[in-house]
1. Let me have the 222 nm mean residue ellipticity of chain B computed from DSSP H runs of 4+ only, each contributing -39500 (n - 2.57), with the sum over all residues rounded to the nearest 500.
2. Between Rg and the Kirkwood Rh of chain B, both from Cα atoms, what is the Rg to Rh ratio?
3. Just how far, in whole angstrom, is region B:312-332 from region B:65-84 if you go by their alpha carbon centroids?
4. In 5 Å bins starting at 0, how do the alpha-carbon pair distances of region B:22-106 split up by percent?
5. I'd like the Kirkwood hydrodynamic radius of the protein assembly as shown, using the inverse of the mean 1/r over distinct C-alpha pairs, in Å.
6. How far is A:E289 from itself in the other copies, in nm, if each label sits 7 Å out from Cα along the Cα-Cβ line, shortest first?
7. Apply the Debye scattering formula to region B:381-476, with a single equal point scatterer on each alpha-carbon and no solvent, then give log10 I(q)/I(0) at q = 0.17, 0.18, 0.20, 0.23 Å⁻¹.
8. Which distance in nm do the two modelled labels at A:S37 and B:E62 give, with both placed 7 Å along the Cα-to-Cβ direction?
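Values quoted throughout were computed directly from the atomic coordinates according to the rules given, and no laboratory measurement underlies them. Note that the coordinates shown come from a computational prediction; the quantities given were computed from them, not determined experimentally. Here the Cβ positions follow ideal geometry from the backbone for every residue, glycine too, while neighbour counts run over all protein chains shown.
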There are 2 protein chains.
Amino acid sequence: MTDSQPAPVPHMDPESFRRHGHEVVDWVADYLATVESRPVTSTVAPGDVAGLVPPCAPEKGESFDTIMADVDRVVLPGITHWQSPNWFAYFPSNASGPSILADLVSSGLGVQGMLWATSPACTELETRMLDWMAHLLGIGDRFLSTGAGGGVIQDTASSSAICTMLAARDRAAPGTQAGLQGVEGILTAYTSSQAHSSIEKGAGILGIGRDNLRIIDVDEHFAMCPRALRSAIESDLAAGRKPFYVSATVGTTASGAMDPLEDLLAICREFDLWLHVDGAMFGTAACCEEFRWIQRGCEQADSYTVNPHKWMLVNFDCNCLWVADRQALISSLSILPEYLRNQATATGDVIDYRDWQIPLGRRFRALKLWFVLRHYGAEGIRQMVREHVAMTQELVEWINAHEAFEVVAPSPLTLVCFSHVDGDDRTQAILEQANATGTVALSHARLNDRYVIRLNVGQWRTRPDHVRAAWDLLTSLSS
Amino acid sequence: MTDSQPAPVPHMDPESFRRHGHEVVDWVADYLATVESRPVTSTVAPGDVAGLVPPCAPEKGESFDTIMADVDRVVLPGITHWQSPNWFAYFPSNASGPSILADLVSSGLGVQGMLWATSPACTELETRMLDWMAHLLGIGDRFLSTGAGGGVIQDTASSSAICTMLAARDRAAPGTQAGLQGVEGILTAYTSSQAHSSIEKGAGILGIGRDNLRIIDVDEHFAMCPRALRSAIESDLAAGRKPFYVSATVGTTASGAMDPLEDLLAICREFDLWLHVDGAMFGTAACCEEFRWIQRGCEQADSYTVNPHKWMLVNFDCNCLWVADRQALISSLSILPEYLRNQATATGDVIDYRDWQIPLGRRFRALKLWFVLRHYGAEGIRQMVREHVAMTQELVEWINAHEAFEVVAPSPLTLVCFSHVDGDDRTQAILEQANATGTVALSHARLNDRYVIRLNVGQWRTRPDHVRAAWDLLTSLSS
């Protein structure tokens, strides 16, 4: 070797990987063991974290120890701890050990699941897991892979909303893949004022247009009014528009409201509209028979989605989407360049999931569902759901019994929205003071233009004591 | 506790996580240590893997050992080993140890990076990493976060293509977010016949329409013809159409061709079109000065994308997208429901990456870039690129010197496309026989309607001996 020979590339061989891997597992275990003791919300100011990172990558490689030390020094102060048992904000990111470890197996295998042929296990396990989930949630046989439907893992419920709106668009106006500007009749979609923002975002992306998404009024429980939906469709039809898609929600973001699927379904059938059901957050509850009422009627919908990466112990990303007619989805998303042609695809005997999603590449995410469903078993998942609901219902009783707070929306599951009786300023002040203590993370919403505290119980580390402590804090701030 | 009390939920506490985590790290280390000895391509038949998985989730939880044993029994036979040093097919999935372990840290932290406020470190480290990458690849100052531009991690180059086509669509026809059907003048996009399939897929999704994507001819090196582009734009303008977007490629999928960015740029400037540059696979080469010619001109483009999850040692998913005008992207993708409002967002001092992508939720992926760039250092990455190019160039010499094969496209980097002189059937037979041995994985393409073997060197475990063995196999099959 001469002096001018470059240094060898510092690849991490399997034995170094083993050693450092054990260190990182220990780091994660220590983090999870101590997460409860950390202030839930990061208090760094904008620029604090970036200020600790040099402007360019280093020229020479650094030691793994140095990098891990910087995870503690640079990253951790800027982390808001979604895994804390005191996390009650937004939605849960309820990551379990089996899921984290399944994802490690997935990273280690490093396969691409774009085609069946590029790793058959990645595709076939996914199909099976979506069937498992369909049975677990009782969403009905039309969504099973054994019929004309089937399921797929997407990154998020936003992507599922877009993919279904796309399939519905192209079904309603078959020329649309050639160009939407040439289509006669303004394609018009419907959702409630309480629906997730991704529906409006999706309408903008797909060219439908945010102006052509009708925002339907809700009733006093924040659920979509079927009468208002019917009336909107009828007047749009009378105006020569082309109604094509309704997105209903099983558990709205703000308050967890349940749209009346059976009534909406009847309207969608009458006018031949695609009914998509977004159960991203609360769909998981349907694993328990006693909560399955939330989605009654979903088995006749055109599509259904739920996020195991929210409440069901799977780490991000893992959204499940089912369609009753997989051909509608595939015909909107399929494209087969020469370099992806292969014998298995040509036979038509296999699923190529690249045709079920927007991206081409895809990770082996079914492993996470497999590990979680097997480690916990159906009864373990149900039991966790029941415990979370029970803790929340106890909190609802405390709020109802307290003179300074009132619950402002139905709270049948794990989300409760409540306000201080003195009004918005007081409610907001209490929320901000509570979060500032670092002992809880809560978020907010507006319901009927009223500022409300949103408290959602959905972290598996959360025990009754944590809910009690959060409530004690809120009442102490209100007095 | 009474008899009717349900069993406790079998959560994996930190100490169990530590124990099983060590087991899984050992499993992955063993897998990576033995991946070379495995048949590269899985030989299972459709249904084989699914047949080993019961139709429903188990009622009761199972032991972690049982699950891991089934990874070996059920999953591994259905895996095609993208991490094998004998992987030369499609594109590399070049996952390094530091990247896999960074992803484990990300899974353990389990944060959501949708807003700056939901974990500031997730956002700020990402912004810094995209600046690091911009410097490393020399794509110019307009893409740095310190000016009007900036970068973001997307899942794939497909999503980057769609996001940029969307921003370009809305910039060219500002009313489009309200509804594309109301827009005058058919929006028309351009790419070459060698571009990635995601451009056509994206045009269909966005409502532009696959028919309104002009497929521009290529020259003898499979690079887009600027003259043909100009002529297509001019005739579309004459016909009252609205040209708005050109997607150029730095390293096409089939043959690795480089579109002439400077010439295309001049045309895009003249007609006010958005120029997107897709460097998904070969953009990584630009970390070396001597290969930076491939993307000359990209610093004046409107957007640029590269996939560290292909060649740059980062595991899937990690696509980098830069835009010169971040407001164009944000205005197409932004939506701010009440529950996401927060003080940091209101000040305008922070980036909320949910407005830079289609989904709302996002994982902490910047950690992977940070670990890889620091572990290897810029010079380690460059050295790996140079070694892969050198191995490939040696192979090109062998092919050129062999009477039975001929190289059919320029091969300046790590992809070589070649055919047997006896024609397509012979070439295809050799490819299939080679893959059937299980000692290599190769893929194919069609160039000028000729069937070619695609061999790409891009796995970090690949050494000169592996390339030599692949070549010896091919020559033995051709004699």
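1. That comes out to -12500 deg cm²/dmol.
2. 1.00
3. If you average the Cα positions of each part, the centres end up 33 Å apart.
4. 3, 11, 17, 21, 20, 16, 9, 2, 0
5. For the protein assembly as shown, inverting the mean 1/r across all distinct Cα pairs yields 28.4 Å.
6. Once sorted, the set of distances for A:E289 reads 7.4 nm.
7. -0.70, -0.78, -0.97, -1.27
8. In this crude label model, A:S37 to B:E62 measures out at 3.7 nm.
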